[in-house]
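**Q** Quick one: the structure is below, questions incoming.
Every number in this text was worked out from the coordinates using simple rules, so none of it is lab data. Keep in mind that this is a model prediction, so the values were computed, not measured. For neighbour counting, all protein chains shown are included, and Cβ atoms are generated from backbone atoms with ideal geometry for every residue, glycine included.
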Amino acid sequence: MDAGCGRGGSMMMAHQRFGSRVEGLTLSAKQADFANRRAEETGIAAHVHARVCNMLDMPFETGQAAGSWNNESSMYVDLDDLMSEHSRILEVGGRYVTITGCWNPAYGQPSKWVSQINAHFECNIHSRREYLRAMADNRLVPRAIVDLTAATLPYWELRATPHWSPALKKRSSSSYKDGSFQYVLIAADRV
Ligand SMILES: C[S@@+](CC[C@H](N)C(=O)[O-])C[C@H]1O[C@@H](n2cnc3c(N)ncnc32)[C@H](O)[C@@H]1O
């Protein structure tokens, strides 16, 4: 289950790589239509499907999913509400994964550019500690935390080139470099 699936890239990848049957949720009808059209075009519509739905109120039975994830979509919602809903739909032993930017509490408060990113993207970047706490409170036990910051830096540097909103992106790439902002993958088991 892909929570905040956007145009469906991760869903398609999961099916192509692992043969998974994937349901995606997005708030955007335009994105869901795009994802379903692509699934039709590539002949995988029987396995991959997107719908417009709030991921804080998932249309699935308790314990129905073997795996679920958020790919850059957890910063739009309250983490406790989100993790409790993932925990509900996952079977015991199921796997939850989030890939997200987060601020690093080792630096105290979020740096001022985090507020600018929040305003720009109309989101609320959480701290790494908030992720781990919300998981722990909802029977999701982290198995791996992979720091992808260095791997994502070239992308942010590319976005700092003149035609991509340079002021904002420059600040973001320097926060990536000084460690106050991290891009992480956290994989957790539903216990
Ligand atoms: C930055 S996009 C990421 C899209 C996709 N996961 C990707 O990696 O390309 C954020 C996505 O989160 C979705 N989203 C935000 N809040 C949501 C909510 N409460 N329920 C469902 N989807 C939500 C948006 O509709 C959008 O598809």
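**Q** Condition first: within 16 Å of the ligand (Cβ to nearest atom) and either in contact with a helix residue (DSSP H, G or I) (Cβ under 7 Å, 6 or more places away or on another chain) or not acidic (Asp, Glu) (or both). Now tell me which residues in the stretch 115-130 satisfy that.
**A** Within the stretch 115-130, Ile117, Asn118, Ala119, His120, Phe121, Cys123, Asn124, Ile125, His126 qualify.
**Q** Of all the residues that make up the stretch 121-159, how many are charged (D, E, K, R), on the phi < 0 side of the Ramachandran plot and not in a helix (DSSP H, G or I)?
**A** Result for the stretch 121-159: 3.
**Q** Just one of Ala46, Ala14 is over 17 Å from the mean Cα position of the chain (by Cα), of a type in the set (A, V, I, L, M) and away from the ligand (no atom under 11 Å from the Cβ); which is it?
**A** Just one listed residue meets the conditions, Ala46.
**Q** Going residue by residue through the stretch 74-92, is there one that turns out to be among the small types (Gly, Ala, Ser), under 21 Å from Cys123 (Cβ atoms), in contact (Cβ under 8 Å) with a residue 60 or more places away in the chain and within 12 Å of the ligand (Cβ to nearest atom)?
**A** yes
**Q** Considering only the stretch 13-26, I want to know if a residue exists there that is under 21 Å from Ile125 (Cβ atoms), of a type in the set (S, T, N, Q) and touching an Asp or Glu at 6+ places or on another chain (Cβ under 6 Å).
**A** No, the stretch 13-26 contains no residue that is under 21 Å from Ile125 (Cβ atoms), of a type in the set (S, T, N, Q) and touching an Asp or Glu at 6+ places or on another chain (Cβ under 6 Å).
**Q** Would you mind finding the one in Arg51, Arg21, Arg37 that is among the basic types (Lys, Arg) and under 24 Å from Arg143 (Cα atoms)?
**A** Arg21
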